[in-house]
Amino acid sequence: MRIAIIAPGSRGDVQPYIALGKGLKKAGYIVRLVTHQNFEELVNSYGLEFWSIGGNVQDIAQSKEMSERIGKGNFLSVISQMAKEAQRGALIMAEGGLAACKGMDLILSGIGGLFIGYSIAEKLDIPFLQAYYIPFTPTKAYPSFLFSKLPFKLGGIINRFSYSIVRQMMWQGFRSADKLARQKVLDLPPAPIGGPYKTDRFNQLPILNGFSPNVIPKPPDWDNNNHITGYWFLDSATNWTPPSDLTEFIQDGPPPVYVGFGSMSSRDPEETTNLVLQALAKTKQRAIILSGWGGLYKKTLPDTVFMIDSAPFSWLFPRMAAVIHHGGAGTTAAGLRAGVPSIVIPFFGDQFFWGQRIAKLGAGPEPIPRKELTVDRLSKAIQEAITDQTIHKKAKDLGLKIQEEDGIKNAVSVIKSIEKQFF
């Protein structure tokens, strides 16, 4: 069976699908990863076929408009900007996606490629498989990720309705781009006004959920078509070797703290770096700071702080005393698997959901929203994460459970059952 995986977004959005594609290829499937041009080298390094849908998502994430919107932490504002970018790139994405999926037997996508993936599947009359790494299927058990502070006592009906709100927010934001792609490239009529959610093709196949059942147990109102497989981890390529100065720094003292905010742009990276450095000095902690897309930057760093451009989390995190991050789904998963405490500084979107989930599981202190981050609050969180033995034990125990899971194997097993039933 030939499978096209459509995975636009940041590196954190793309990596789980590369991991899943790698597992599918190992199981004998022909896999084509359809994503932005700037991920070609990454995709090829894992032996997968790459197909470009144009664009460089890093340029978008670091643009002035997006940085300002992310800095404000308003998801609706970020979605609005993303919708504008989608409108501009709708035809290129549709043309690239259509060419990539011709001859394929199955299209797989998550939230990032949900609408274009569905439309291409409709055009080519092939099955469409939903595969998410954050909860997206409605449930009464807990609210949608954008309503993570919603009190559970309000009841299951409110929780379930919150998913409808989020689904419509996303659909209405991208509806114009979807309509343009369907009319100009795919020669299809507009999708239903409420989106594809209730169509037969959308609900034809089982749904994959690439997160741990030990982090988010399966809700009792999900049917057997919803599978929580475990995380889809992408470990470092076999040819990666840690730089000698990095390993020397780690070994030259007690375990350091990791600090990195992924693709979250900052309007003032120097200010953010100074805040982090003051909190580290106040708590007398060594640290490794990831510059990355988040733009953390400081020309002169103390000897107790080491800055890197990148390093595989699967190698780095187990060597840390704690990890401080933005709460992206992939970084959260890596931190939990490492079995070390996590301190989440959410910027927007599902990051608040993951931050609160970590706190509820006891694997880290309460999250600190980026807009509310201060030296004192970060210092207190670092001190709690480093010294609280209950947090350490819960983080370690949860990490051991996640390490025993095989999310990719479970996901491949579901797809094999789909193949037997529908092909």
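The values are calculated or read from the model by the stated rules, or taken from the named source; none is laboratory data. Please read all numbers here as calculations on a predicted model, not as lab measurements. As a convention, Cβ positions derive from the backbone with ideal geometry for all residues, glycine included, and neighbour counts pool all protein chains shown.
Here are the numbers:
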| item | result |
| --- | --- |
| Of the criteria (1) within 17 Å of Phe211 (Cβ to Cβ); (2) at pLDDT below 95, which one Lys371 fails | (1) |
| Output for segment 1-22, where each listed residue is in a helix (DSSP H, G or I) and either closer than 18 Å to Gly96 by Cβ or among the hydroxyl-bearing types (Ser, Thr, Tyr) (or both) | Asp13, Val14, Tyr17, Ile18, Gly21 |
| Ala100 vs. criteria over 21 Å from the mean Cα position of the chain (by Cα), modelled with pLDDT of 95 or more and not in a loop (DSSP other than H, G, I, E, B) | yes |
| Matching residues in segment 23-47 - criterion: being of a type in the set (A, V, I, L, M, F, W, C), surrounded by 19 or more Cβ atoms within 10 Å (Cβ to Cβ) and either outside any helix (DSSP H, G or I) or under 17 Å from the mean Cα position of the chain (by Cα) (or both) | Val31, Leu33, Val34, Phe39, Val43 |
| Residue match in segment 201-211 (condition: closer than 23 Å to Leu398 by Cα and part of a loop (DSSP other than H, G, I, E, B)) | yes |
| Some residue of segment 368-389 being on the phi > 0 side of the Ramachandran plot and surrounded by 24 or more Cβ atoms within 10 Å (Cβ to Cβ) | no |
| Meets criteria (closer than 30 Å to Ile3 by Cα and either touching a helix residue (DSSP H, G or I) at 6+ places or on another chain (Cβ under 7 Å) or of a type in the set (A, V, I, L, M, F, W, C) (or both)) for Ile402 | yes |
| Phe136 being part of a loop (DSSP other than H, G, I, E, B) and buried (at least 19 other Cβ atoms within 10 Å of the Cβ) | yes |
| Residue count, segment 338-355 (criterion: at pLDDT 95 or above, surrounded by fewer than 23 Cβ atoms within 10 Å (Cβ to Cβ) and within 17 Å of the chain's Cα centre (by Cα)) | 0 |
| Matching residues in segment 253-310 - criterion: being of a type in the set (A, V, I, L, M), crowded, with 18+ Cβ neighbours inside 10 Å and at pLDDT 90 or above | Val257, Val259, Val276, Leu277, Ala279, Leu280, Ala287, Ile288, Ile289, Val305, Ile308 |
| Test: residue in segment 224-231 that is surrounded by 13 or more Cβ atoms within 10 Å (Cβ to Cβ), within 30 Å of Lys360 (Cβ to Cβ) and touching an Asp or Glu at 6+ places or on another chain (Cβ under 6 Å) | yes |
| Residue match in segment 413-421 (condition: closer than 30 Å to Ile30 by Cβ, part of a helix (DSSP H, G or I), β-branched (Val, Ile, Thr) and at pLDDT below 95) | yes |
| Arg370 farther than 29 Å from Glu248 by Cα and charged (D, E, K, R) | yes |
| Scan of segment 311-325 for residues that are closer than 14 Å to Gly262 by Cβ and touching a strand residue (DSSP E or B) at 6+ places or on another chain (Cβ under 7 Å), ordered by number | Leu316, Phe317, Val323, Ile324, His325 |
| Any chance Tyr142 is within 23 Å of Leu24 (Cβ to Cβ) and either under 23 Å from the mean Cα position of the chain (by Cα) or outside the structural domain of Phe353 (by TED's automatic domain parsing) (or both) | no |
| Close pairs from segment 238-252: first under 16 Å from Asp303 (Cα atoms), partner surrounded by fewer than 13 Cβ atoms within 10 Å (Cβ to Cβ), Cβ under 9 Å, at least 6 apart | none |
| Pair list, Cβ < 6 Å and 6+ apart or interchain, from segment 376-388 residues that are among the charged types (D, E, K, R) to residues that are buried (at least 17 other Cβ atoms within 10 Å of the Cβ) | Arg377/Ile368; Glu384/Pro365 |
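Residue-by-condition table, conditions (1) at pLDDT 95 or above; (2) within 25 Å of Leu180 (Cα to Cα):
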site: Val31; (1), (2): yes, no
site: Ser52; (1), (2): no, yes
site: Ser67; (1), (2): no, no
site: Ser80; (1), (2): no, yes
site: Glu85; (1), (2): no, yes
site: Ala90; (1), (2): no, yes
site: Ala94; (1), (2): no, yes
site: Ser109; (1), (2): yes, yes
